[in-house]
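This report concerns only the one structure given below.
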Amino acid sequence: MPTYAIAPDTLNAAQAADMLFADIETILILARSGELPGAKVGKSWVFLREDVIAFLRGRVRAETGQRKRPLMPDAVLMPRPSRQRRQPPVLPALPMPQGESAQHTQGRSTTKRQRLLTDDCIE
């Protein structure tokens, strides 16, 4: 593309792309769709610096406004339902081991101190 002395108020597609930090193809798509004001002179697009800045300001305002909006404006905060504790399952009674009586099992459950105290009381 030949380099010409361009007035400081006008930009070509590459300069507009540099100014907006965008790809040239993106600038051309925006210009063809009419979102970015520009004129096609011959085979080249020409943009006014003011229009590029106004386009950028409009995009900044629109996107900032979208970020500021609450996600759910009419939402009401509701307390969380309390979770009830699950009751432990009822386990069946274990059968007594064969050959052992209830007294024998009770003897094992007493501590050594209890047996000593009991033996002392008997004497």
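Bear in mind these aren't lab numbers, they're just calculated from the coordinates by the rules spelled out. Predicted model only: the values in this text are computed from it and were never measured. Methodologically, a virtual Cβ is constructed for each residue, glycine included, from the backbone with ideal geometry; neighbour enumeration extends over all protein chains shown.
The orientation-averaged shadow of the Cα convex hull for the range 10-68, equal to a quarter of the hull surface, comes to 3.9 nm².
Sorted by mean Cβ packing within 10 Å, highest first, what order do the peptides 79-91, 17-29 take?
Details: 79-91: 5.8, 17-29: 14.7.
Going from most to least packed, we get 17-29, 79-91.
Electrostatic bookkeeping for PRO8 treats Lys and Arg as +1 and Asp and Glu as -1; over the other residues with beta carbon under 15 Å from its beta carbon, the sum is -3.
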